[in-house]
Amino acid sequence: MISSVMVLLGMISWGGWSKTTLRLRMNLGFSMFVMSLMVAPVIDWTSSSTKLNERPSGAYGLTVAAVVICGLADGLVGGSLIGSAGKLPKQYMQAVFAGTASSGIIISILRIITKASLPQTPKGLKISAHLYFMVATIFLLCCIVFSNLQHKLPVMQQYHQRLHQESTVCTGTKFWAVAGKIKGAAFGIFIIYLVTLSIFPGFIAEDLESKLLRDWYPILLITVYNLADLMGKSLTAFYVMQSIRKAIWTATTRLLFYPLFVVCLHGPKWMKSEIPMVVLTFLLGFSNGYLTSVLMILTPKSVPLSEAELSAIVMTGFLGFGLVGGSVLGWFWIL
């Protein structure tokens with residue numbers, strides 16, 4: 001998360017990035033993704049002939065480096081894609097975030113399949129892990145193909161031409177001017193992900209128990225969250241809240257999830273049962289998906305077209321800050 005945010009800050013503060021093409025940034029980012037995902041399987045394959053639980057020297061360092069590269073790729077691809085969608089009609093931004101939610105559904109389905117079909121042994125877990133890397137790499141290769149085709153779409157050519165006519169070089173002064181215009185929306189997206197990441201998935205995966213569902217319980221809750229997130233982000237294809245201010249206030253009220261989840265953890269017995277937790281998890285995911293999509297759709301449209309891409313990247317940066325902050329706060333559930 002930190003390495004991802006660092007890339008977004010670089011894109012915000014360095015005006016030279018805007019001179020590079022979207023196609024170049026996407027190809028570079030997806031290539032970094034593929035490279036980082038290959039590290040763990042390659043380490044495992046090269047160590048298959050060694051004794052169990054032994055790994056080559058430096059394997060841990062290489063794995064951490066791969067995670068950093070993955071974060072850099074995430075910032076580059078996410079910032080470029082969302083920034084580009086910011087200057088297009090709203091259905092394109094909605095499609096981008098519906099896509100992010102769909103990925104969660106795919107991962108949940110894959111986890112259910114692997115858990116149901118593979119034994120919970122070291123060998124079974126290894127096969128499961130390799131399956132994740134294979135699926136992710138296949139999707140990334142498809143993304144590389146599509147990202148090299150999208151620039152041929154008439155709508156992309158039209159808006160690139162229009163932006164080229166109106167755009168100016170991004171400077172620090174322009175950044176702060178744009179950030180000042182959207183500071184409320186930036187706070188809203190920050191608080192959304194601060195709340196979400198401090199609860200999901202850490203609290204759901206680590207702190208809850210069910211005698212009925214046992215180790216299927218966190219998988220079920222994570223699937224419920226991802227399904228609700230997709231529903232929320234898909235709803236904006238039909239209805240978008242037209243007031244940014246209302247969306248910000250609604251996002252702020254999500255702070256109420258903290259006491260509600262605390263009650264589910266330490267409160268009366270009936271609140272610790274599966275149904276209240278499923279309902280709360282659904283509401284957490286649905287509100288996250290809908291409000292994220294609303295703010296990311298409306299905010300770039302609230303500034304001139306020449307500032308739309310920068311405003312979307314600023315929003316993505318504050319989304320990243322929320323992810324980092326939420327990840328840190330998530331430790332308090334464990335502590």
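The values are calculated or read from the model by the stated rules, or taken from the named source; none is laboratory data. Please read these numbers as outputs of a predicted model, since none were measured by experiment. Ideal geometry is used to build each Cβ from the backbone, glycine not excepted, and the neighbour counts take in all protein chains shown. To get the accessible areas, we keep the full protein, side chains included, count just its heavy atoms, and leave off ligands, DNA and RNA. Shrake-Rupley method; radii C 1.70, N 1.55, O 1.52, S 1.80 Å.
Quick look at the numbers
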quantity	calculated
Spacing of the two label points (7 Å from each Cα toward its C-beta) at Val34 and Leu329, in nm	3.8
Cα gyration tensor shape for the stretch 1-148, rounded if a/c is under 1.5, else prolate or oblate	oblate
Å² per residue, accessible surface of the stretch 1-327 at 1.4 Å	51
Fraction of accessible area attributable to carbon and sulfur, the chain (%, probe 1.4 Å)	72
Within the chain, longest stretch clear of exposed GluC sites (Glu not before Pro) (DSSP loop, no more than 14 other Cβ within 10 Å)	55-208
Rounded FRET efficiency, nearest 0.05, which uses the C-beta distance separating Trp216 from Ser117 and R0 of 22 Å	0.95
Three-way shape call for the chain based on the alpha-carbon gyration tensor, with the a/c threshold at 1.5	oblate
Lysines whose Cα lies under 18 Å from that of Lys174, excluding same-chain neighbours fewer than 8 positions away	Lys19, Lys87, Lys183, Lys301
Pairs beyond 31 Å (Cα-Cα), from Lys123/Lys272; Lys115/Lys269; Lys90/Lys115; Lys90/Lys181	Lys123/Lys272; Lys90/Lys115
Longest site-free stretch - the chain; sites: trypsin sites (Lys or Arg not before Pro), DSSP loop, at most 13 other Cβ within 10 Å	52-210
Extension gain, Met271 back to Leu62 (0.36 nm per residue minus Cα-Cα distance, nm)	70.9 nm
